[in-house]
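The values are calculated or read from the model by the stated rules, or taken from the named source; none is laboratory data. Quick caveat: nothing in here was measured; it's all calculated off a predicted structure. Every residue, glycine among them, receives a Cβ derived from its backbone with ideal geometry; neighbour counts consider all protein chains shown. Each accessible area value is taken on the protein alone, full model and side chains, heavy atoms only, with ligands, DNA and RNA left out. Shrake-Rupley method; radii C 1.70, N 1.55, O 1.52, S 1.80 Å.
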Amino acid sequence: MTKKEHLPNQSLQIPKVITFTAKLLQAFSSKLATLFAVKLFTTPLKHSIPKREIYMEQNSQQEKLWIPNINKEIQLYHYGKCKKKILLVHGWSGRGTQLVKIADELLQNGFSTLSFDAPAHGKSSGKTTIMTEFIASILEIEKQFGPFEFAIGHSLGGMSILNAVKQKFSINKAVIIGSGDLIQDILNEFVLKLKLNPEIAFKMKEYFEKKYNEDMENYAASFVAQSVEIPVMIIHDQHDNDISVKAAHNIHRNLKYSNLLITENLGHRKILGDKKVIDSIIKFISK
């Protein structure tokens, strides 16, 4: 067997009843299937806090923050009391405590962290959201609680940090872990998991671009990377089942100052708790 075959499947699995419904709708109308896929794509799953995150959840100072640009309220977690602050941004269907192993190590190295449940995630309000709401949350948090020394983001959180930097989020360095890149690639992978025809992914992109009157690839990580002037550390697993490692290489090619760390056998989520990964992050931000 190859190393990839030995990996635990860490991908978020779509329930069979949902894939069945999607295929049934597609049999009647590609438009109905597209609208169904759009609804699913913008509706994160909420998960209970696992045991490993309970200490951070219980020992954080928590408060709500209203984000005027999107008319939504989010949950904040202030962890630690050091003056040097780092913003942590979780990914899709994640939580503000998801980067707990990284946060704990940062505390040991003289930093405090601020994290949040993105709109429609965790304890935050709403049922649906998109990346622009992650970005708006980051910018409002900076306005109310900044400045931050660094920012660390996982998956969609990494993409959101790069986009926020393009929109004048001021930090010294950024770390992105398992970040996505091209919007069409993300949609293609989502539609593949729904077991729908590939054309639905293109119809979804057309739907979003018509609704928001903007080219969605303006938010692709490799595109916004061209405007990022700060050093960025990119961390990605070779066999990430959720986001292809090609995203990391493409982002790396488009950044002016970047370090690229490719791991093995950690997948999309286990990577967040790996000691070598965390040590590499501490070394990068401490230089």
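What does the charge add up to near Asn188, with Lys and Arg as +1, Asp and Glu as -1, over the other residues with Cβ less than 11 Å from its Cβ? Don't skip to the answer; put the middle values down first.
On the way: positive: Lys193, Lys205; negative: Asp185, Glu189, Glu199.
Within the 11 Å Cβ shell, the charges total -1.
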**Prompt:** Full extension from Gln184 to Ile14: what is 0.36 nm times the residue separation minus their Cα-Cα distance, to one decimal in nm?
**Reply:** 59.3 nm
**Rg(Cα)/(2.2 N^0.38 Å) for the stretch 160-287, N = residue count** = 1.12
**Message:** Using only the alpha-carbon atoms, what does the stretch 115-163 span along each of its principal axes? Please give whole angstrom values in decreasing order.
**Reply:** 31, 22, 15
**Asked** How compact and how long is the stretch 75-143, expressed as Rg and Dmax of its alpha-carbon atoms in Å?
**Response** 12.1, 36
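Rounded, prolate or oblate for the stretch 195-248? Axes are the square roots of the Cα gyration tensor eigenvalues, ordered a ≥ b ≥ c, and the cut-off for rounded is a/c under 1.5.
Working: a/c = 4.34, a/b = 1.30, b/c = 3.35.
Oblate, because a/c is 1.5 or more while a/b does not exceed b/c.
What does the net charge come to around Thr21 if you take all other residues with beta carbon closer than 12 Å to its beta carbon, with K and R at +1 and D and E at -1? Could you put the intermediate results ahead of the total?
Values: positive: Lys16, Lys23, Lys39, Lys195; negative: none.
Surrounding charge for Thr21 is +4.
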**Asked** Plugging the Kirkwood radius over Cα pairs into Stokes-Einstein for the stretch 1-137, at a temperature of 10 °C and a viscosity of 1.306 mPa s, what D comes out in µm²/s?
**Response** 93 µm²/s
**Request:** Search the structure for amide H atoms under 5 Å from the amide H of Phe150, placed 1.01 Å from N in the peptide plane, and list their residues when 5 or more places away or on another chain.
**Result:** Leu87, Asn172
**Message:** Charges on Cβ only, +1 for Lys and Arg, -1 for Asp and Glu, centred on the Cα centroid of the stretch 45-143; of Ile86, Leu99, Gln58, which one is farthest towards the dipole's positive end?
**Reply:** Gln58
**Complete:** Contour minus Cα-Cα span, Lys270 to Leu45, at 0.36 nm per residue, comes to 79.1 nm
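Take each of the peptides 112-118, 141-147, average the number of other beta-carbon atoms within 10 Å over its residues, and list them starting from the highest. The partial results should precede the final answer.
Numbers: 112-118: 25.4, 141-147: 14.9.
Taking the mean over residues of other Cβ atoms within 10 Å, the ranking is 112-118, 141-147.
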**Message:** I'm spelling it out carefully: the read-out is mean projected area of the Cα convex hull in nm², the candidates are [x] 14.8; [y] 16.2; [z] 18.9, and one was derived from this structure. Which label?
**Reply:** [x]
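Would you mind counting up the charge near Thr128? Only other residues with Cβ under 13 Å from its Cβ, with Lys and Arg at +1 and Asp and Glu at -1. Before the final figure, lay out the partial values.
Values: positive: Lys39, Lys46, Lys72, Lys127, Lys211; negative: Glu133.
Cβ neighbours under 13 Å give a net charge of +4.
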**Asked** Label Ile54 and Ile262 with points 7 Å out from Cα along Cα→Cβ: what is the distance between them in nm?
**Response** 4.0 nm
**Request:** Using a 1.4 Å probe and ignoring any ligands, DNA or RNA, find the accessible area of Tyr79 and quote it in Å² to the nearest 10.
**Result:** 10 Å²
**Asked** Relative to the Cα centre, what is the charge dipole magnitude of the stretch 214-277, using +1 at the beta carbon of each Lys and Arg, -1 at the beta carbon of each Asp and Glu, and rounding to the nearest 20 debye?
**Response** 360 debye
**Asked** Per-residue ellipticity at 222 nm for the chain, helices alone: DSSP H runs ≥ 4 residues times -39500 (n - 2.57), over residue total, nearest 500 deg cm²/dmol?
**Response** -13000 deg cm²/dmol
**Item:** At R0 = 35 Å, FRET efficiency that the Cβ-Cβ distance of Phe28 and Ser125 yields, to 0.05
**Value:** 0.55
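In what sequence, highest mean first, do 167-174, 89-96 appear when ranked by Cβ atoms within 10 angstrom? Let's see the in-between values first.
Numbers: 167-174: 16.6, 89-96: 25.6.
Result, highest mean first: 89-96, 167-174.
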**Complete:** So Lys283 and Leu35, fully extended at 0.36 nm per residue minus their Cα-Cα distance, gain in nm 84.8 nm
**By accessible area with a 1.4 Å probe, ligands and nucleic acids excluded, highest first: order of Lys64, Lys85** = Lys64, Lys85
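Order 192-198, 32-38 from most to least packed using the mean count of other Cβ atoms within 10 Å. Don't skip to the end; give the middle numbers.
Working: 192-198: 16.0, 32-38: 19.6.
Highest-to-lowest ranking by the protection proxy: 32-38, 192-198.
With every protein chain left in place, what is the accessible area per residue of the chain in square angstrom, probe 1.4 Å? Could the numbers behind the result be given before it?
Working: 13930 Å² over 287 residues.
Ligands and nucleic acids excluded, the figure is 49 Å² per residue.
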**Request:** Against the globular-protein guess of 2.2 N^0.38 Å, express the Cα radius of gyration of the stretch 149-224 as a ratio, rounded to two decimals.
**Result:** 1.23
